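Working notes, structure below.
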Amino acid sequence: MFEVDKETLEKWDKEYFWHPFTQMKVYREEENLIFERGEGVYLWDIYGRKYIDAISSLWCNVHGHNHPRLNNALMKQLCKVAHTTTLGSSNVPAILLAKRLVEISPEGLNKVFYSEDGAEAVEIAIKMAYHYWRNKGEKRNVFITLSEAYHGDTVGAVSVGGIELFHGTYKDLLFKTIKLPSPYLFCKENYGGLTPECASELLKRLEEILKERNDIVAMILEAGIQAAAGMLPFPRGFLKGVRELTKKYNVLMIVDEVATGFGRTGTMFYCEQEGVSPDFMCLGKGITGGYLPLAATLTTDEVFNAFLGEFGEAKHFYHGHTYTGNNLACAVALENIQIFEDEKTLEKLQPKIELLTERLKEFWELKHVGDVRQLGFMAGIELVKDKEKGEPFPYGERTGFKVAYKCREKGVFLRPLGDVMVLMMPLVIKEEEINYVIDTLKWAISELEKEVK
Ligand SMILES: *Cc1c(COP(=O)(O)O)cnc(C)c1O
């Protein structure tokens, strides 16, 4: 290992490292935050300053950092072998994990295809769904998606995405989709909230499309909440309604549980809460407890079977990645799931969700809070310049970041989505730590009152 002093590290970070989703001009003008170690819900930077990781290191940490059991599982596998290919051969942890994922996921999802990131899990679902119809002798090529959807940043995942700011630039590169409105925004505007009537109206629109066309491959949507769009929940029953209609009109349904999976909404997967069993379920983020890049696309026997044939028929799925089913990542993922069971993570989470719900109410009192949204342990607090007029802060002012930087001063690490302050705390966080995060965020938001005229 080479060691360099802190100043050199900071200099090299700005000199050589192009950060994701980051305006590097601004980043290079600011003080950098370089993490060095973690334990439980805490992270320490190179100066030894301590922070609560209130966004689970971008929504993936579950049981805490530097977890002894996850460390052990990783080291045990590391002493055997780090990686062997799964293209035509197999490895022990990947087999065990596939079986485990089938056991814990909604009924009917019996097959597991691995990849490394959420976007890839989505790409795979898209390609499989498209290919499924080809193998069945049907040429279908249109996907139904939602405005404000986020499914990752590779070109296929961007094609089914709907966040103008991220995706608009690439328009000419993308395949065509039919877009339904974002349920939250549509319901708020037309029904004043997430009412059952609004869900019915959206489903009616979906049915009109499905009735008219025979070229629909699949409908893809996030599970219960459009997270990256700023934590925009669906009306209850919407997901279930989509399942019923896609079944009725013989169209596949892809549910993206990359953000919501592994306990974030209070159950292992959000699909459970509406009794939905999709044709594809995409998993990522929390699957390894936040340790290693791993993702999975789960699907049904029906889809799997459509790819079976003699070699010469060339029906098989010509897709794979070098690290598909990586031994280390799968070993950690297995242990991650086992910890859920052994430590009763989901049971212990329920009072924390209640606490979060109670405490989120306090944000409505703040002058610059325009909306507060929550699904399970996921929450978004939207900042506005003028509450009465619903007027946002100008985009370039980076108000969300300013609030996040204030929180840093008090040892809370946050990353907003635009002007939506996101809370995605590790599931193991303690109640007093939740209270500290909330108190700090409330304080930081109210500090805005001093600055805004
Ligand atoms: C984060 C996210 C993705 C993309 O996952 P990556 O691992 O960043 O590629 C896809 N879908 C949803 C719902 C996400 O939140």
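Where a number appears in this text, it was derived from the coordinates with a stated rule and is not lab data. As the structure is a computational prediction, the values presented were derived from the model and not from experiment. So basically every Cβ, Gly included, is an ideal-geometry build from the backbone, and we count neighbours across all protein chains shown.
I'm checking my understanding of the structure. Among residues of region 293-313 that are among the small types (Gly, Ala, Ser) and surrounded by fewer than 24 Cβ atoms within 10 Å (Cβ to Cβ), which one is farthest from the ligand (Cβ to nearest atom)?
Per the criteria, the residue is 312.
Sort through 193, 290 and tell me the only one that's farther than 16 Å from residue 129 by Cβ and away from the ligand (no atom under 16 Å from the Cβ).
That would be 193, the only listed residue that is farther than 16 Å from residue 129 by Cβ and away from the ligand (no atom under 16 Å from the Cβ).
Which of the residues belonging to region 399-453 are part of a helix (DSSP H, G or I) and surrounded by 20 or more Cβ atoms within 10 Å (Cβ to Cβ)?
399, 400, 403, 404, 407, 434, 437, 438, 440, 441, 444, 445
For region 111-144, give me each residue that is away from the ligand (no atom under 12 Å from the Cβ) and polar (S, T, N, Q).
Scanning region 111-144 gives 135, 141.
Residue check: is residue 161 within 15 Å of the ligand (Cβ to nearest atom) and part of a loop (DSSP other than H, G, I, E, B)?
Here the answer is yes, as residue 161 does meet what is asked.
Right, residue 180: away from the ligand (no atom under 16 Å from the Cβ), crowded, with 18+ Cβ neighbours inside 10 Å and more than 30 Å from residue 346 (Cα to Cα) or not? Talk me through it step by step, then tell me what you get.
Details: away from the ligand (no atom under 16 Å from the Cβ): yes; crowded, with 18+ Cβ neighbours inside 10 Å: yes; more than 30 Å from residue 346 (Cα to Cα): yes.
Yes.
Could you pull out the residue among 124, 178, 163, 209 that is among the aliphatic types (A, V, I, L, M), in contact (Cβ under 8 Å) with a residue 12 or more places away in the chain and within 21 Å of residue 270 (Cα to Cα)?
Step by step, each of 124, 178, 163, 209 is checked, and only 124 is among the aliphatic types (A, V, I, L, M), in contact (Cβ under 8 Å) with a residue 12 or more places away in the chain and within 21 Å of residue 270 (Cα to Cα).
May I ask you to verify whether residue 166 is closer than 29 Å to residue 303 by Cα, within 16 Å of the ligand (Cβ to nearest atom) and not in a loop (DSSP other than H, G, I, E, B)?
Values: closer than 29 Å to residue 303 by Cα: no; within 16 Å of the ligand (Cβ to nearest atom): yes; not in a loop (DSSP other than H, G, I, E, B): yes.
In short, no.
Out of the residues in region 204-258 that are closer than 22 Å to residue 164 by Cβ and over 23 Å from the mean Cα position of the chain (by Cα), which is nearest to the ligand (Cβ to nearest atom)?
206
If you go through region 354-397, how many residues are among the basic types (Lys, Arg) and free of Cβ contacts under 8 Å to residues at least 60 places away in the same chain?
Step one: filter region 354-397 for residues among the basic types (Lys, Arg), giving 359, 361, 367, 373, 385, 387, 389.
After this cut, where a residue has to be free of Cβ contacts under 8 Å to residues at least 60 places away in the same chain as well, the list is 361, 387, 389.
Adding up the residues that qualify gives 3.
Which pairs have Cβ atoms under 7 Å, sit 6 or more apart or on different chains, and link a residue in region 237-252 that is without any contact (Cβ under 8 Å) to a residue 40 or more places away in the chain to one that is in a loop (DSSP other than H, G, I, E, B)?
239/223; 239/224; 239/276; 240/275; 240/276; 243/276; 243/278
Kindly provide the set of residues from region 343-393 that are aliphatic (A, V, I, L, M) and over 22 Å from the mean Cα position of the chain (by Cα), ordered by number. Explain how you work it out, then say what you get.
Start the filter on region 343-393 by keeping residues that are aliphatic (A, V, I, L, M), which leaves 346, 349, 353, 355-356, 360, 366, 369, 372, 375, 378-379, 381, 383-384.
Correct list: 355, 366, 369, 384.
For the subset of region 237-292 comprising residues that are surrounded by fewer than 24 Cβ atoms within 10 Å (Cβ to Cβ) and among the hydroxyl-bearing types (Ser, Thr, Tyr), which member is farthest from residue 378 (Cα to Cα)?
That would be 249.
In region 145-158, is there at least one residue being assigned to a helix (DSSP H, G or I) and either under 24 Å from residue 264 (Cα atoms) or more than 16 Å from the ligand (Cβ to nearest atom) (or both)?
yes
Could you run through region 98-132 and say how many residues are crowded, with 20+ Cβ neighbours inside 10 Å, within 20 Å of the chain's Cα centre (by Cα) and in a helix (DSSP H, G or I)?
So the count comes out to 10.
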